[in-house]
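The values are calculated or read from the model by the stated rules, or taken from the named source; none is laboratory data. Because the structure is predicted, anything quoted here is derived from the model rather than measured. Note: ideal-geometry Cβ built from the backbone for every residue, glycine included; neighbour counts use all protein chains shown.
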Amino acid sequence: MTLRVKNLTIRHRQSQLCLCDNANFVIEPGRVLTLMGPSGCGKSTLLASLAGHLAPDFHLTGSATLAQTELLDLPAHQRQVGILFQQDCLFPHLNVWENLAFALPNHIKGKARRQHALDALATLELNAIAEHFPQQISGGQRARISLLRMLLAQPKLALLDEPFSQLDAKLRTQFRDWVFAELRRANIPTLLVTHDSQDAPNGQTVIHWPLENHHA
């Protein structure tokens, strides 16, 4: 499940502004690559290109292969890419276990979906909030449920778009360490974009904007 990005270039079609110029990097399973740069420099646009959500205003060239499959040739729903944003993005009309069940693969049917969701909550010792709605639980709980929902979808690649920026300092450190531990356990490559050097996990590769060529 290695991600290999080669000569990836993103330009705005009208202005020809280059947001990403010949990006080259490799992320092995279980590793985290951090892209560090100020807001507005194109980091989130790069994530959108990998996830398949790049706006039509942009032109994309290059290659991004995951497990030897070209991601850029696939529609977004077939890429098996999980994304964790600044906001938790939970469905407000679904309770916690229903939010988790929504992410489960289609082969899990009927009542088994609820049980899978409850089993996942049990691993976090959060069974007590299974029937709660997102607005009824804390920000830290919503953050953990968001990551759990992403992992239940069994992604082959995780993209993290400044997911810790909305949390207070103490919770931010705890949640960040837990997120990286869970992604390491899932053994998938992870690409993190942030403007805060404290978000980058210790012992992993950091690339500063503009992009340099690196192997993670």
Exercise. Out of (1) in contact with a Lys or Arg (Cβ under 7 Å, 6 or more places away or on another chain); (2) small (Gly, Ala, Ser); (3) surrounded by fewer than 20 Cβ atoms within 10 Å (Cβ to Cβ), the odd one out for GLY139 is which?
Worked result: (1)
Problem set entry | Subset of segment 35-81 that is in a strand (DSSP E or B) and polar (S, T, N, Q) - its residue that is farthest from the chain's Cα centre (by Cα) | THR61
Exercise. Within segment 127-143, is even one residue of a type in the set (A, V, I, L, M), closer than 26 Å to LEU66 by Cβ and modelled with pLDDT under 90?
Worked result: yes
For this session: Look at THR45 and say whether it is surrounded by fewer than 17 Cβ atoms within 10 Å (Cβ to Cβ) and within 30 Å of GLN204 (Cα to Cα).
Result: no
Seminar exercise, completed: Contact list, first residue from segment 183-199 and closer than 12 Å to GLU162 by Cβ, second anywhere and at pLDDT below 90 and surrounded by 12 or more Cβ atoms within 10 Å (Cβ to Cβ), beta-carbon distance below 6 Å, six or more apart or interchain, is VAL193/LYS43; THR194/GLU162; ASP199/PHE164
Problem set entry | Pairs where the first residue, in segment 14-26, is modelled with pLDDT of 90 or more and the second is of a type in the set (D, E, K, R), C-beta under 7 Å, 6+ apart | ASN24/LYS6; VAL26/ARG4
Exercise. Is there any pair with a first residue in segment 37-61 that is farther than 12 Å from VAL193 by Cα and assigned by TED's automatic domain parsing to the domain that holds ASP21 and a second that is part of a helix (DSSP H, G or I) and of a type outside the set (A, V, I, L, M, F, W, C) whose Cβ atoms are under 9 Å apart and which are 6 or more apart or on different chains, and what are they?
Worked result: GLY52/HIS77; GLY52/GLN78; LEU54/THR45; ALA55/THR45; PHE58/THR45; PHE58/SER49; LEU60/SER49
Exercise. Do we have any residue at all in segment 65-75 that's over 22 Å from ILE145 (Cα atoms), among the small types (Gly, Ala, Ser) and without any contact (Cβ under 8 Å) to a residue 60 or more places away in the chain?
Worked result: no
Seminar exercise, completed: Note: among LEU66, LEU90, LEU100, just one is aliphatic (A, V, I, L, M) and farther than 30 Å from ALA128 by Cβ, namely LEU66
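Could you tell me how many of the residues in segment 99-126 are closer than 23 Å to LEU159 by Cα and surrounded by 14 or more Cβ atoms within 10 Å (Cβ to Cβ)? Don't jump to the end; show me each part of the working.
Initially, segment 99-126 is screened for residues closer than 23 Å to LEU159 by Cα, giving 99-106, 117, 120-121, 123-124.
Remaining after also requiring surrounded by 14 or more Cβ atoms within 10 Å (Cβ to Cβ): 99-104, 117, 120-121, 124.
Of the residues in segment 99-126, 10 are closer than 23 Å to LEU159 by Cα and surrounded by 14 or more Cβ atoms within 10 Å (Cβ to Cβ).
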